Amino acid sequence: YTHSVSDLGVFSDWFKVPDRGSVNPTPSGGQGLVDAQGVQNYKHGGHTIWDCKYHLVWVTKYRYPILGGDVGLRCRELLREIARSKEMIIYAGSINRDHVHILIGIPPRLSVSRAVQFLKGKSSHKLL
């Protein structure tokens, strides 16, 4: 299943469907991370070259509209802080009153479920 721009709804201005057949949307239209000379800047590990991006969405309990105003701004700061501490890169995101959208690059040493656990768990505990 491939996504179209209309499937992404709120992110239609930020995301474009990649040209190379991948289902992971990127801000640069599927070109990965491209610098001024047009060279792709993939991240490198000891024996790996990677560029893993995930579109994550989660909702508040019972979809209560509690993420508006100051709480939403604090949530944004916390997500950025947590992502930075775990070497994740946030490419785009949106915090609405009852849900969060985030396009994030997660290193391969960290599983997606563990990354979501860090983001949701630490941000919710600090917001309380």
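The values are calculated or read from the model by the stated rules, or taken from the named source; none is laboratory data. If you're wondering where the values come from, they're calculated on a predicted model, not measured in any experiment. Here the Cβ is made from the backbone with ideal geometry for all residues, glycine too, and neighbour counts use every protein chain on show. Each accessible area value is taken on the protein alone, full model and side chains, heavy atoms only, with ligands, DNA and RNA left out. Shrake-Rupley method; radii C 1.70, N 1.55, O 1.52, S 1.80 Å.
Name the residue, out of Leu78, Leu110, that is touching a Leu at 6+ places or on another chain (Cβ under 8 Å) and outside any strand (DSSP E or B).
On the way: Leu110 fails: touching a Leu at 6+ places or on another chain (Cβ under 8 Å).
Sole residue among the options that is touching a Leu at 6+ places or on another chain (Cβ under 8 Å) and outside any strand (DSSP E or B): Leu78.
Would you check which residues across segment 113-128 are aliphatic (A, V, I, L, M), open to solvent by 50 Å² or more (accessible area, probe 1.4 Å) and either modelled with pLDDT of 95 or more or part of a loop (DSSP other than H, G, I, E, B) (or both) and list them? Even if it seems obvious, please write down each step before you answer.
Within segment 113-128, the subset aliphatic (A, V, I, L, M) is 115-116, 119, 127-128.
Checking which are open to solvent by 50 Å² or more (accessible area, probe 1.4 Å) leaves us with 127-128.
Within segment 113-128, Leu128 is the sole residue that qualifies.
Out of all the residues in segment 71-84, which are within 21 Å of Asn41 (Cα to Cα) and either of a type in the set (Phe, Trp, Tyr) or surrounded by fewer than 18 Cβ atoms within 10 Å (Cβ to Cβ) (or both)? Step through it out loud before you land on a result.
Here is the first cut: in segment 71-84, the ones within 21 Å of Asn41 (Cα to Cα) are 83-84.
The one that is within 21 Å of Asn41 (Cα to Cα) and either of a type in the set (Phe, Trp, Tyr) or surrounded by fewer than 18 Cβ atoms within 10 Å (Cβ to Cβ) (or both): Arg84.
Considering only residues that are part of a helix (DSSP H, G or I), among the aliphatic types (A, V, I, L, M) and within 20 Å of Leu103 (Cβ to Cβ), which ones fall in segment 56-74?
Start the filter on segment 56-74 by keeping residues that are part of a helix (DSSP H, G or I), which leaves 61-63, 70-74.
Now drop any that are not among the aliphatic types (A, V, I, L, M), which leaves 71, 73.
Hit for segment 56-74 is Leu73, nothing else.
Can you go through Asn24, Asn41 and tell me which one is at pLDDT below 50 and either open to solvent by 50 Å² or more (accessible area, probe 1.4 Å) or at positive phi (or both)?
Values: Asn41 fails: at pLDDT below 50.
Residue meeting the stated conditions: Asn24.
On the basis of being surrounded by fewer than 16 Cβ atoms within 10 Å (Cβ to Cβ), touching a strand residue (DSSP E or B) at 6+ places or on another chain (Cβ under 6 Å) and at pLDDT 95 or above, does Val100 make the cut?
Considered against the rule, which asks whether it is surrounded by fewer than 16 Cβ atoms within 10 Å (Cβ to Cβ), touching a strand residue (DSSP E or B) at 6+ places or on another chain (Cβ under 6 Å) and at pLDDT 95 or above, Val100 comes out as no.
Can you tell me which residues in segment 85-104 are outside any loop (DSSP other than H, G, I, E, B), under 12 Å from the mean Cα position of the chain (by Cα) and without any contact (Cβ under 8 Å) to a residue 60 or more places away in the chain?
Scanning segment 85-104 gives Ile89, Ile90, Gly93, Ile95, Val100, Ile102, Ile104.
State the number of residues belonging to segment 45-81 that are free of Cβ contacts under 8 Å to residues at least 12 places away in the same chain and β-branched (Val, Ile, Thr).
The total comes to 1.
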